[in-house]
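Working notes, structure below.
Any read-out appearing in this document is the output of simple, stated calculations on the displayed coordinates, not a laboratory observation. This structure is a prediction, so every number in the text was calculated from the model and none was measured. Note: ideal-geometry Cβ built from the backbone for every residue, glycine included; neighbour counts use all protein chains shown.
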Amino acid sequence: MTTANERSADYPIDPIFLERWSPRAFTGESISEKDLFTMLEAARWAASSGNVQPWRFIYAHRNTAHWEKFVGLLVPGNQVWAKNASALVILVSNSLVKRPGSDAEVLSPTHSFDTGTASGYFALQASLMGWHAHGMAGFDRERAFVELNVSKGYTVEFAYAVGRLGDPTKLPVALQAREHPSTRLPLKELAFEGLFQAASTAKA
Ligand SMILES: Cc1cc2nc3c(=O)[nH]c(=O)nc-3n(C[C@H](O)[C@H](O)[C@H](O)COP(=O)(O)O)c2cc1C
């Protein structure tokens, strides 16, 4: 029903959902504070349980004093391409929450989920602006916690490499083959009326 970016959706969604994807070939150009903050602004408007807004964003622009430290937190397989990004953003979330009427902090069951929602908004806004945000779990969370001075009670969640699409032939050969928008499982394997269905029993 909607086609864009070599992808095809079965229902008439907005093309932005197909246009967002995660390339690894980046130009290495600089990104303005305004563009990066426009993406963060979109993330800020995500919904969260009790509107506690547990997300925090720690970022480094390319060619700044913080850049090498951020690149150095990534696993080698991510460094090889993310070193050409324009900005790196690390998302952390406050795992503690105060219930209404209480000053005691308890573990939030939704802080990661809430921050994941903000993360999705960030990536969609990047895509709307002609940038790409490629998410990464492949980085050293323990080192990030210490080296980025994250406060106790916060969880290091996720990282984004933000960049403009570059020349894929400059990537290592193994990554060149993966440099295209991916597809998705069919909805019938994901959505069930009334009862969960394991993959083997899902309706054909
Ligand atoms: C939680 C999470 C962790 C990811 N970690 C990495 C990573 O460490 N390195 C990488 O190259 N891509 C990583 N990705 C990107 C996914 O591989 C990519 O989003 C997925 O294949 C779907 O492709 P698309 O984003 O182009 O639609 C990650 C994505 C998510 C959401």
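Please indicate, with yes or no, whether at least one residue in region 117-139 is surrounded by fewer than 17 Cβ atoms within 10 Å (Cβ to Cβ) and touching a Gly at 6+ places or on another chain (Cβ under 8 Å).
Yes; the residues of region 117-139 include at least one that is surrounded by fewer than 17 Cβ atoms within 10 Å (Cβ to Cβ) and touching a Gly at 6+ places or on another chain (Cβ under 8 Å).
Give region 12-33 a look and list any residue that's without any contact (Cβ under 8 Å) to a residue 24 or more places away in the chain and more than 18 Å from residue 160 (Cβ to Cβ), or say none.
Within region 12-33, 12, 13, 14, 15 qualify.
Considering only region 157-171, state which residues are within 12 Å of the ligand (Cβ to nearest atom) and in a loop (DSSP other than H, G, I, E, B).
Scanning region 157-171 gives a single hit, 171.
Read through the list (1) in contact (Cβ under 8 Å) with a residue 40 or more places away in the chain; (2) under 22 Å from residue 63 (Cα atoms); (3) away from the ligand (no atom under 11 Å from the Cβ), then give the number of the only condition that residue 80 fails.
(3)
Being over 27 Å from residue 5 (Cβ atoms) and without any contact (Cβ under 8 Å) to a residue 24 or more places away in the chain is the filter; apply it to region 119-143 and report the residue that is farthest from the ligand (Cβ to nearest atom).
That would be 142.
Name the one entry in 48, 8, 22 that is under 16 Å from the mean Cα position of the chain (by Cα), of a type in the set (Ser, Thr, Tyr) and either crowded, with 19+ Cβ neighbours inside 10 Å or under 27 Å from residue 176 (Cβ atoms) (or both).
So the residue among 48, 8, 22 that is under 16 Å from the mean Cα position of the chain (by Cα), of a type in the set (Ser, Thr, Tyr) and either crowded, with 19+ Cβ neighbours inside 10 Å or under 27 Å from residue 176 (Cβ atoms) (or both) is 22.
What are the pairs, 6+ residues apart or on separate chains, where a residue within region 144-167 that is under 23 Å from residue 28 (Cα atoms) has its Cβ under 7 Å from a residue that is among the charged types (D, E, K, R)?
164/29
Please specify each residue of region 173-198 satisfying the condition of being within 12 Å of the ligand (Cβ to nearest atom) and farther than 29 Å from residue 57 by Cβ.
Once the filter is applied, which keeps residues that are within 12 Å of the ligand (Cβ to nearest atom) and farther than 29 Å from residue 57 by Cβ, region 173-198 yields 174, 183, 185.
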